[in-house]
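The values are calculated or read from the model by the stated rules, or taken from the named source; none is laboratory data. The model shown is predicted, which means the values in this text are computed figures rather than measured ones. Note that we place each Cβ from the backbone using ideal geometry, even for glycine, and neighbour counts take in every protein chain shown.
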Amino acid sequence: MKSTGTAAAAETEALPTSATKLRALLLEDNPLDAALVVRALFKGGFEVAADVVQDEAAFTKALRTHPPEVVLADYNLPSWKGMEAIKLLRAEGSDIPIIVVSGALGDVAAVECIRQGATDYVLKDGLTRLPEVVRRALREKKERNLRRQAEQDLARKVDELARSNADLEQFAYVASHDLQEPLRMVTAYTQLLAERYAGKLDANADKYIGYASEGAQRMQVLIQDLLAFSRVGRNGFTHGNVDCNSVLEEVLTSLAPAMQECGAVVTHDALPSVWADRTQVAQIFQNLIGNAIKFRGQEPPVIAVRAEPADPCWRFSVSDNGIGIAPEYAETIFVVFQRLHARTEYPGNGIGLAICKKIIEHNGGRIWVEPQAGSGSNFKFTLPGHGPDPADGARS
Amino acid sequence: MKLLPELLVVDDNPADVALVSEALAGGLRHTKINSVGDGVEAMAFLNRREKYANSLRPDLVLLDLNLPKKDGLAVLAAMKANPDLRRIPVVIFSTSQLRKDVVRSYEVGANCYVRKPGNLNEFFAAVKSVEEFWFNFVNLPPRGE
């Protein structure tokens, strides 16, 4: 059975001036009730084009052939149930508002309808409420669509950003890799010149060759550092449970000569396990403790490594009694190739903290430096205590 | 009488070939160095074709990866597929530190992978160590006729 609401309604009343066109699908076995619904909508300012159906086959067919803006479903039908229509629509993932229109609907049934995905319900003796209910349902659907659109746009932008970051990584890696070959020739041959011809040309020549050779060697170190930095973001690292005690032990062994030289002492708590790549965790400790040794004050370095839980992470701290960092440099020290001291004062390229930051952020943590009472600096960073949780978020 | 060791350097960069020669010049082993500039030349040399008809099979190949015409891995693969050439040890000598280059080289049958050091003295030391290791400590297979 099919009727066009506009035709039926127009016989008796003139259309309100600014009528909103509405494609509706009515699930209704009673033609009179269908007419009343259409009329109520008409009076509320809708110019309705309605398909009226009363069983599943006709309902699904109408959904396909005339996709409605709203479904108005009677709760009790002789051959089908309004509830089934709700389930069917939502099972298809459809976002079309569905409003239950019923002669009588108990609280339990009403709640169940909403639970199954109905947008709202209207009793047949309160049809004057229907236009407003439809209007709100349409508005909410539009808002949902806008929100979904915004989410999709955002997801796409995040995607693009990730891709462009990956491109940049790749570029930095390839560039620094390919730069090495010609630079190696410059370095090798200026060195060869310096060795073979030292004292055989004039004093200026020796000096100039020295400058060229020094510059080339420094650039080589920079490129190595850049490679190391860009490698942090590349694949090839295996995440697992990393026992920080054994990592720290290895790091301290490798730093032992430097520590002995200045009488450095490193104390540490019992450290936890973190979810990360072992080599990268070692690099973090190596760089932070290495810095604490390098930037020492008059006294032999006293360095403390601690960890405290900050669920779901662990918060580590590496503090020292060294020369410290002025608060205004708390951010810049983590930027690639940022140095606070002349190369002659403290050697290095300013890559260590940048690598720490990159590793830590790749693992979802963060690193910062806190002012330390007295002297010295206190670096803090977080690392996840465990990997992605399986299914229900069970944690070990 | 013990013949002088023969080294084949496969490298398209004359500057590197010169550095290898410099590194071994005046050494005790008097290693004889031949060099070719691309992979196709390398195969011609090893198979003693055309102008290389009278050259000797090398005792060791120092092979760059990034070569014109036929790259280092292809040369390595061709050598390992040839019964006459597969016993000649191959030392990969490349600037590349790419994991995939290292892994592929060993997979295809490189005997070792030596990174070309940036520093002159390290470069010399690396080449001299290769010479010392392969021509002093290693028992090489008899040279093919």
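Of everything in region A:180-201, what is farther than 18 Å from B:E22 by Cα and either facing chain B (nearest Cβ under 8 Å) or buried (at least 17 other Cβ atoms within 10 Å of the Cβ) (or both)? Give them in sequence order.
Hits for region A:180-201 are A:Q180, A:E181, A:L183.
Only one of these conditions is not met by A:F171: (1) touching a residue at least 40 places away in the same chain (Cβ under 8 Å); (2) over 20 Å from A:A212 (Cα atoms). Which number is it?
(1)
Would you check which residues across region A:301-321 are part of a loop (DSSP other than H, G, I, E, B) and in contact with a helix residue (DSSP H, G or I) (Cβ under 6 Å, 6 or more places away or on another chain) and list them?
Correct list: A:P301, A:D320.
Quick one: A:V336 ticks every box in (1) within 26 Å of the chain's Cα centre (by Cα); (2) modelled with pLDDT of 90 or more; (3) in a loop (DSSP other than H, G, I, E, B) bar one, so which box is it?
Of (1) within 26 Å of the chain's Cα centre (by Cα); (2) modelled with pLDDT of 90 or more; (3) in a loop (DSSP other than H, G, I, E, B), only one is false for A:V336: (2).
Can you give me the number of residues within region B:96-145 that are within 14 Å of the chain's Cα centre (by Cα) and closer than 17 Å to A:L227 by Cα?
Summing the residues that are within 14 Å of the chain's Cα centre (by Cα) and closer than 17 Å to A:L227 by Cα in region B:96-145 gives 2.
Does region A:285-321 hold any residues that are among the small types (G, A, S) and under 17 Å from A:G348 (Cα atoms), and which are they?
A:G290, A:A292 - these are the residues of region A:285-321 that are among the small types (G, A, S) and under 17 Å from A:G348 (Cα atoms).
Would you check if A:A354 is touching a Pro at 6+ places or on another chain (Cβ under 6 Å) and either at pLDDT 85 or above or under 20 Å from A:V251 (Cβ atoms) (or both)?
no
In region B:13-38, how many are crowded, with 18+ Cβ neighbours inside 10 Å, within 11 Å of chain A (Cβ to nearest Cβ) and not aliphatic (A, V, I, L, M)?
Number satisfying all stated conditions: 2.
Residues are listed down the side, and each one gets a yes or a no for (1) of a type outside the set (G, A, S); (2) away from every other protein chain (no Cβ under 13 Å); (3) under 29 Å from A:V336 (Cβ atoms):
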{"position": "A:G210", "(1), (2), (3)": "no, yes, yes"}
{"position": "A:S230", "(1), (2), (3)": "no, no, yes"}
{"position": "A:S254", "(1), (2), (3)": "no, yes, yes"}
{"position": "A:P257", "(1), (2), (3)": "yes, yes, yes"}
{"position": "A:N287", "(1), (2), (3)": "yes, yes, yes"}
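Name the residue that is farthest from A:K142 (Cα to Cα), counting only residues in region A:55-101 that are touching a strand residue (DSSP E or B) at 6+ places or on another chain (Cβ under 6 Å) and of a type in the set (G, A, S).
Checked region A:55-101; the qualifying residue farthest from A:K142 (Cα to Cα) is A:G82.
For region B:85-95, check the following and say yes or no: at least one residue is within 14 Å of chain A (Cβ to nearest Cβ), of a type in the set (V, I, T), within 18 Å of B:V10 (Cα to Cα) and under 16 Å from the mean Cα position of the chain (by Cα).
Within region B:85-95 (the criterion being within 14 Å of chain A (Cβ to nearest Cβ), of a type in the set (V, I, T), within 18 Å of B:V10 (Cα to Cα) and under 16 Å from the mean Cα position of the chain (by Cα)), the answer is yes, since at least one residue qualifies.
Which one of the conditions (1) part of a helix (DSSP H, G or I); (2) touching a residue at least 40 places away in the same chain (Cβ under 8 Å); (3) within 14 Å of chain B (Cβ to nearest Cβ) does A:V281 fail to meet, given that it meets all the rest?
Every listed condition holds for A:V281 apart from (3).
Per-residue answers, yes or no, for (1) touching a Leu at 6+ places or on another chain (Cβ under 9 Å); (2) of a type in the set (D, E, K, R):
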residue: B:A81; (1), (2): no, no
residue: B:T95; (1), (2): yes, no
residue: B:K100; (1), (2): no, yes
residue: B:S105; (1), (2): yes, no
residue: B:N121; (1), (2): no, no
residue: B:A126; (1), (2): no, no
residue: B:E131; (1), (2): yes, yes
residue: B:F137; (1), (2): no, no
residue: B:P141; (1), (2): no, no
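Mind telling me which of the residues B:L63, B:L56 ends up being in contact (Cβ under 8 Å) with a residue 40 or more places away in the chain, touching an Asp or Glu at 6+ places or on another chain (Cβ under 9 Å) and crowded, with 20+ Cβ neighbours inside 10 Å?
Unique residue meeting the criteria: B:L63.
Give the residues of region A:50-108 that are surrounded by fewer than 17 Cβ atoms within 10 Å (Cβ to Cβ), under 26 Å from A:R39 (Cβ atoms) and of a type in the set (S, T, N, Q), sorted by residue number.
A:T65, A:N76, A:S79
Name the single residue that is nearest to the other protein chains (Cβ to nearest Cβ) among those in region B:99-108 being surrounded by 15 or more Cβ atoms within 10 Å (Cβ to Cβ) and either under 17 Å from A:L179 (Cα atoms) or touching a strand residue (DSSP E or B) at 6+ places or on another chain (Cβ under 8 Å) (or both).
Step by step, filter region B:99-108, then rank; the result is B:D101.
Is one or more of the residues making up region B:109-129 touching a Gly at 6+ places or on another chain (Cβ under 9 Å) and facing chain A (nearest Cβ under 10 Å)?
No: zero hits.
Which condition number in (1) surrounded by 13 or more Cβ atoms within 10 Å (Cβ to Cβ); (2) more than 20 Å from A:L383 (Cα to Cα); (3) in the same structural domain as A:G350 (by TED's automatic domain parsing) is the one that A:G290 fails?
A:G290 satisfies every listed condition except (2).
For region B:89-102, what are the residues that are modelled with pLDDT of 95 or more and either out of contact with any Lys or Arg (no Cβ under 7 Å at 6 or more places or on another chain) or assigned to a helix (DSSP H, G or I) (or both)?
Across region B:89-102, the qualifying residues are B:P89, B:V90, B:V91, B:I92.
Restricting to region A:44-93, name every residue that is in a loop (DSSP other than H, G, I, E, B) and of a type in the set (A, V, I, L, M).
Once the filter is applied, which keeps residues that are in a loop (DSSP other than H, G, I, E, B) and of a type in the set (A, V, I, L, M), region A:44-93 yields only A:L77.
May I ask you to verify whether A:G290 is assigned to a strand (DSSP E or B) and out of contact with any Asp or Glu (no Cβ under 7 Å at 6 or more places or on another chain)?
No.
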